[in-house]
Amino acid sequence: QVQLVESGGGLAQAGGSLRLSCVLSGRSFNGYAMGWFRQAPGKEREFVAAINWGGSNTYYTNSVKGRFTISRDNAKNTLYLQMNSLQPVDTAVYYCARGRDSVTHTEHRWYDYWGQGTQVTVSS
């Protein structure tokens, strides 16, 4: 059974940083793109960032470019999201997901396994 477990969420002040981690177990990590999504209260889940299987290609939604960095350690089956210069609008539950193939995608339908989410709250 595939399991994705996020960690690293919590409370941060505006301008602060958090680092999210996501560990995949039960299925292959290598060969598949990975992504981060988030869902704020009352809003739909939105794409945040994605990385291809080799880590050479990344893609970000415009609102986090220059502040967030997605990375992966294939030897550890772990995905990361370094979040700097956090803003209150970044407050959401953050989810990691495994892609259906090796390239980056922004749409939910291209991801087949999802974590349970980790809460990120940014205070002003």
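The values are calculated or read from the model by the stated rules, or taken from the named source; none is laboratory data. Every value quoted in this text rests on a predicted model; they were computed, and no experiment measured them. Backbone-built Cβ (ideal geometry, glycine too); neighbour counts: all protein chains shown. For the accessible areas, the whole protein counts, side chains as well, though only heavy atoms, and no ligand, DNA or RNA atoms are used. Shrake-Rupley method; radii C 1.70, N 1.55, O 1.52, S 1.80 Å.
Report, by residue number, each residue of region 65-89 that is of a type in the set (A, V, I, L, M) and either touching a Pro at 6+ places or on another chain (Cβ under 9 Å) or not in a strand (DSSP E or B) (or both). Give the steps one after another, and end with the answer.
To start, the set of residues in region 65-89 that are of a type in the set (A, V, I, L, M) comprises 70, 75, 79, 81, 83, 86, 89.
Of everything in region 65-89, those that are of a type in the set (A, V, I, L, M) and either touching a Pro at 6+ places or on another chain (Cβ under 9 Å) or not in a strand (DSSP E or B) (or both) turn out to be ALA75, LEU86, VAL89.
Against the test of being farther than 20 Å from GLN1 by Cβ and open to solvent by 50 Å² or more (accessible area, probe 1.4 Å), the options SER71, SER102, SER85 yield a single qualifying residue, SER85. Collect the residues in region 105-124 that are surrounded by 15 or more Cβ atoms within 10 Å (Cβ to Cβ) and part of a loop (DSSP other than H, G, I, E, B), keeping them in residue-number order. Those that are surrounded by 15 or more Cβ atoms within 10 Å (Cβ to Cβ) and part of a loop (DSSP other than H, G, I, E, B): HIS105, THR106, GLY115, GLY117.
Against the definition (closer than 20 Å to VAL2 by Cα, surrounded by 14 or more Cβ atoms within 10 Å (Cβ to Cβ) and in contact (Cβ under 8 Å) with a residue 24 or more places away in the chain), how does GLY31 come out, yes or no? Against the criterion (closer than 20 Å to VAL2 by Cα, surrounded by 14 or more Cβ atoms within 10 Å (Cβ to Cβ) and in contact (Cβ under 8 Å) with a residue 24 or more places away in the chain), GLY31 does not qualify. Just one of (1) open to solvent by 30 Å² or more (accessible area, probe 1.4 Å); (2) polar (S, T, N, Q); (3) under 18 Å from GLN119 (Cα atoms) fails for SER21. It is (1). Among residues of region 45-63 that are over 21 Å from ALA75 (Cα atoms), those with a beta-carbon under 6 Å from a residue that is open to solvent by 50 Å² or more (accessible area, probe 1.4 Å) at least six positions away or on a different chain give the pairs ARG45/GLN39; PHE47/THR106.
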